[in-house]
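Only one structure is covered here, and it is reproduced in the block below.
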Amino acid sequence: MVFLSQAETDARGLVEGDIVHLQALDDNGQPDAKRAMFGLTVVVYSMAAGSIGAYLPEANVLLSLDAVDSQSLTPAYKSVPVIISKA
């Protein structure tokens with residue numbers, strides 16, 4: 001499952017129940033083929049437009065081990081740019 005706001009689904013031409021793929025972007029803003037999830041069901045959820053939600057640990061594949069917060073040195077799992085594409 002991937003959670004998106006109603007505004008986000010409307011902007012992307014998606015509806016609840018659509019199947020989508022997520023692909024993380026690398027440091028240069030390019031799709032990273034190794035960091036992708038496939039066959040996720042869209043669920044409309046009350047959240048900010050421009051954000052998505054996915055369950056961990058399943059979504060761990062989208063994370064880069066090199067992306068850490070500079071102060072706490074914890075993984076930057078709350079800010080992962082992705083591309084959403086309809087299956």
Item to check | Estimated dipole of the chain in Debye, rounded to 20 [Cβ of Lys and Arg +1, of Asp and Glu -1, Cα centre] | outcome: 100
Checklist outcome for this item: trypsin sites (Lys or Arg not before Pro) in the chain lying in a DSSP loop, each with at most 12 other Cβ atoms within 10 Å of its Cβ, come to Lys78
Checklist entry - Dividing the Cα convex hull volume of segment 1-43 by residue count, how many Å³ per residue is that? => result 79
Checklist entry - Taking neighbour Cβ counts within 10 Å as the exposure measure, how do Phe38, Phe3 sort from fewest upward? => result Phe38, Phe3
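Bear in mind that the values in this text are calculations on the coordinates, not laboratory data. Nothing here was measured: the structure is a model prediction, and the numbers come from that model. Virtual Cβ from ideal backbone geometry, glycine too; neighbours counted across all protein chains shown.
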